[in-house]
1. For B:Asp104, work out the one condition from (1) out of contact with any His (no Cβ under 8 Å at 6 or more places or on another chain); (2) buried (at least 22 other Cβ atoms within 10 Å of the Cβ) it doesn't fulfil.
2. Check B:Thr217, B:Thr225, B:Thr243 and return the single one that is within 13 Å of chain A (Cβ to nearest Cβ), among the β-branched types (Val, Ile, Thr) and more than 21 Å from B:His513 (Cβ to Cβ).
3. Only one residue in A:Ser87, A:Ser91 is among the polar types (S, T, N, Q), touching a His at 6+ places or on another chain (Cβ under 7 Å) and surrounded by 21 or more Cβ atoms within 10 Å (Cβ to Cβ), so which one is that?
4. Conditions first: (1) within 14 Å of ligand 1 (Cβ to nearest atom); (2) without any contact (Cβ under 8 Å) to a residue 60 or more places away in the chain; (3) surrounded by 19 or more Cβ atoms within 10 Å (Cβ to Cβ). A:Val109 passes all but one, so which condition is the exception?
5. Whether any residue in segment A:302-314 is among the basic types (Lys, Arg), at pLDDT 95 or above, under 25 Å from the mean Cα position of the chain (by Cα) and part of a strand (DSSP E or B) is what I want to check.
6. Look at A:Arg333 and say whether it is of a type in the set (D, E, K, R) and closer than 24 Å to A:Ser465 by Cβ.
7. Which fully enclosed strands (runs of 3 or more DSSP E) of segment A:131-179 have 3 or more residues being more than 10 Å from ligand 1 (Cβ to nearest atom) and in contact with a helix residue (DSSP H, G or I) (Cβ under 8 Å, 6 or more places away or on another chain)?
2 protein chains.
Amino acid sequence: MNPTKQNTRKWWGWGYVGKSYSIENRPNVWPFLKQKLALTPRKCRIIALDDIELPPPKLTAELLKELTEIYGENNINTSKVTRISHSFGQSYGDVICLRKGNIDHAIDVVVYPRNEEQIQKTIIMASKNRLAIIPYGGGTSVTGNLELRNDESYDGGISMDMRKMNMIQIDNVSQTVTAQAGIFGPALEEAVNAQGLTLGHFPQSFEFSTLGGWLATRSAGQNSTRYGKIEDMLISLRAITPTGIIETKSIPASSTGPSIDQLFVGSEGTLGIISQATLQLQPLSASTEMCGILFKRFLDGVQAVRAMSQAGIVPSVLRISDEPETEATFMFRSQSANPIKRVAEKGGMWFLNQRDYSFQKGSLMILVFEGSPQQVALDKSAALRICKRHRAVSLGNIVGKAWHKERFLLPYLRDVLLDNGVMIDTLETAITWDKINNLYFNVRNAISKAIEKQGMKPLVLTHMSHVYRTGASLYFIFMANQKIDAELEQWQEIKAATIEAILHNGGTLSHHHGVGRDHARWFEDEVGHLGKAFVLASKSYFDPQHILNPENFG
Amino acid sequence: MNPTKQNTRKWWGWGYVGKSYSIENRPNVWPFLKQKLALTPRKCRIIALDDIELPPPKLTAELLKELTEIYGENNINTSKVTRISHSFGQSYGDVICLRKGNIDHAIDVVVYPRNEEQIQKTIIMASKNRLAIIPYGGGTSVTGNLELRNDESYDGGISMDMRKMNMIQIDNVSQTVTAQAGIFGPALEEAVNAQGLTLGHFPQSFEFSTLGGWLATRSAGQNSTRYGKIEDMLISLRAITPTGIIETKSIPASSTGPSIDQLFVGSEGTLGIISQATLQLQPLSASTEMCGILFKRFLDGVQAVRAMSQAGIVPSVLRISDEPETEATFMFRSQSANPIKRVAEKGGMWFLNQRDYSFQKGSLMILVFEGSPQQVALDKSAALRICKRHRAVSLGNIVGKAWHKERFLLPYLRDVLLDNGVMIDTLETAITWDKINNLYFNVRNAISKAIEKQGMKPLVLTHMSHVYRTGASLYFIFMANQKIDAELEQWQEIKAATIEAILHNGGTLSHHHGVGRDHARWFEDEVGHLGKAFVLASKSYFDPQHILNPENFG
Ligand SMILES: Cc1cc2nc3c(=O)[nH]c(=O)nc-3n(C[C@H](O)[C@H](O)[C@H](O)COP(=O)(O)OP(=O)(O)OC[C@H]3O[C@@H](n4cnc5c(N)ncnc54)[C@H](O)[C@@H]3O)c2cc1C
Ligand SMILES: Cc1cc2nc3c(=O)[nH]c(=O)nc-3n(C[C@H](O)[C@H](O)[C@H](O)COP(=O)(O)OP(=O)(O)OC[C@H]3O[C@@H](n4cnc5c(N)ncnc54)[C@H](O)[C@@H]3O)c2cc1C
């Protein structure tokens, strides 16, 4: 399968057509959800493509012809399905709109540049004709980053899909890769793997997200504890702005004024089109070990994680689920077809319960170590020692392996839940250690209350990941019965309550999802009045006519 | 001794009055330099303070009174020695001007804010009255960062010395420190050491430089390979700009747009006065080991360093001298007073020579490892294995210890050389591994040629330090006979030739010294036309009347 082929991807949800998160061999899922959510199952249909009515394109035939001349017939698309799929990202709200066919705004045309000249020409054309350009990577944004909502201001909207700019060059000596922005995660990682190297960037959206999208949103991969966020791997970039070309220098570090790299990272398509970037690679690890660890309480685990990170132990993956998420993970596990494994599982469970550990009230940690065999052995033993000091028990490597195997499958779960009338969404933040417990309790509480206020039973799952010396990220998943025909409002209410609790408790508005349009109203709370004013002034500097993704950051 | 007491510091050179780099017990220094430089020794006097004629202050008595009202008598200073010492930094050019009394520009008054309100009032006053404000940390800048040269544009120059803003607060849970910008290196490090923590930031100017200066110049300490540059340790900052206050959030990482922290880092006093910052700390290491290693050739050592860094071995100090620097280090070593040590040294030398190693034609590496005893042992053995593979021999821990002991003493050497008519200066860059050998050869060559063109014999010493996965920093030291009465021109010529060679060979204009006024003419080469224009536009945004350090970046 190939993520760059549009027709193999669902326009109404996550991933490939025909691929799904299978519930069949997970017998506990529905009983668990029924109990937790007081679920009243119902079947929710997806609107047929033919039944969707799209707003008519605003772009004149003349301008479309001009665009076609720039791109050639094969690199421009105005088909219905392409317009639909490029007018939204992959947030819960987006998917609700898509599934119901509630589409009140759409881009007019998708162009696929193959070179910077085409980008420049498009920018000039858009500047002259009041057109908006929305840079489009893999379309996996969850913060309303790809929409053109306020489209009265524009006489047309162009989605600039970068997937055909996907060339790649590897420097084996410096261990860097220079790639065009439209390259997808798997293609980039495979190319560098072939040289014995890795980028180490694995967001859960890995299969369908691109280098340009990662940079534009300050993405974090699941192995970020070891490899860093995408902005930490960045060596240099090139961006085409309406004012001119920005090209930074490929050097490991410098002392030459404000960082222009760190201005364009996170700019969410508002300052320029990132055309290429150079990133740091690392050698593929000689050795990898996965560990599952069970704590009695989540807060014990949080303490253990802090002790590990401050002792300089750097796993590549460090994830710990709170009690509700641990229970859900257990309930969602697939039943092994192998009867011997099943017996072994039961035996293990009995053993744990005897010692007062359980998946129903404990807290599960996944650790992955990478490096030389000696380093892995040293880190693992030091980490386990700390965990034991915090009353944990080691589960061996099976749980870790199961997590690893399914980590890119999980996003498919949402479609299954939506088919059955269950709302599910996630919000994430990062916070320093001194405030993490408070934030955890208060945000969980805020989510539950917001859902209860709507008359629903909430299920709130939390894990910690992306660990730093000074703090970590917390990731909240919430589920409830959908409010029929008020799905969007329901979601927006909960989201707002959650974000306000996050900000009130000192967390960041986003650790790796970005700001977009959906979080724009809180942007000033995050960066301050002058901070926001400066970001908007920078936009006006590089994009004086506000043609590039004009609504992000508010 | 206390670096915050102005009167104990030399106004004409480095460090404390009365402290010096003693040549007495280093019998080889003068013979070595005489031979290498064809030195014609001469005694160079320092002008007496009384003989210096300072440009008269431009600030009106009325404005001075207004300032005095803001600061109080004890926090404002217009004495001659204070004006002189605050009108220059510590570059070779600065020190030449000071020693000779060639002072054609000076600030009018030094103020010592104790709070942000005073800073704000000063900014308002300066805006109204065409005054320039130069933020002043420790005054150790080597890039002409503190001068007000083009002073016709201003009706007065204020040096804002931050030393009295030096409060500090430690968060033991998150392991961060929040400190005011004027705190000096030793005070900050001692305070966090008392809590079992370290910032790990030790620039060679450590004793006399401040947190605000480090941030404003993107400083790198000698242990940056492990602890990072100052910008990597930064969690948040607060800055007073003419447009308003910038305060970023204390979070370990986020995804909320362009980085405002990384805009103010490196801003060299042009965007705002950094009043405080929060930085990441680390626990003091349980174990430290220092190793000296001798390579046959510098380029073998460079290869070994690359292999180490790409294998993920992270010493806190990793420094390797090329052959000329290794020889000079050997010649500059102090003679042990202990006869047994001397015999041992001779024995060691004989042993090395037998095996075809020597300090006269080899390449010396210093490695310092920190961490848990197990981690140190693992890193050390892995590093030594790589070094041996590159034909190196281990020298045990004596050389490393000697380096460590003298590392903050070396800056005093310049004054001794200047007393004797020897020019000495340093330039540094960073570069990716693929280009490092070329840059090394070509820049060395360019320096030598520039000096030879002046009819002098050059001595060029190079070391590599501040190591990254993708490359490293190279640091060049050059010496020659001074060109009598044309010292400044001589220096400027060599500096220009060196910088052009660095840029031509792909290196950065500066890895840790900054841009200032001295490098401003190359700033556009470094960041591009649009990059420079954006930095200047940001200045105009935060400082529309250009009152803050108006000449930096050009
Ligand atoms: C199921 C799921 C799981 C996810 N997991 C993670 C995760 O683990 N970690 C994480 O960080 N994120 C995650 N995300 C969010 C999302 O995948 C990231 O934001 C990702 O970086 C977006 O990349 P993309 O290529 O899909 O960009 P898009 O969604 O297409 O675009 C995102 C933004 O970047 C801009 N942009 C894209 N390309 C360019 C370019 N070349 N130049 C300028 N601007 C550009 C767009 O205009 C838009 O503003 C997840 C999303 C989903 C749906
Ligand atoms: C002998 C010697 C050795 C050195 N070794 C190193 C080294 O190893 N590593 C290294 O990185 N550098 C080194 N340097 C350079 C210098 O020490 C650094 O640039 C240092 O960071 C400057 O700090 P300072 O407090 O002295 O700042 P200053 O020299 O006083 O100021 C430097 C710049 O920062 C601005 N500034 C200072 N404080 C503030 C503030 N609070 N807000 C806004 N702007 C401010 C000033 O306006 C100026 O532009 C060395 C210099 C010398 C002379």
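The values are calculated or read from the model by the stated rules, or taken from the named source; none is laboratory data. Model, not experiment: these values are computed from the prediction. Quick reminder, even Gly has a Cβ in these numbers, built from the backbone with ideal geometry, and neighbours come from all protein chains shown.
1. It fails just one condition, (2).
2. Matching residue, one of B:Thr217, B:Thr225, B:Thr243: B:Thr243.
3. A:Ser87
4. (1)
5. No, there is no match, as no residue in segment A:302-314 is among the basic types (Lys, Arg), at pLDDT 95 or above, under 25 Å from the mean Cα position of the chain (by Cα) and part of a strand (DSSP E or B).
6. yes
7. It comes to A:168-171.
Listed here are the residues, each with its yes/no results for (1) touching a residue at least 24 places away in the same chain (Cβ under 8 Å); (2) out of contact with any helix residue (DSSP H, G or I) (no Cβ under 6 Å at 6 or more places or on another chain).
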position	(1), (2)
B:Asp485	no, yes
B:Gln492	yes, yes
B:His513	yes, yes
B:Ala537	no, no
B:Ser540	no, yes
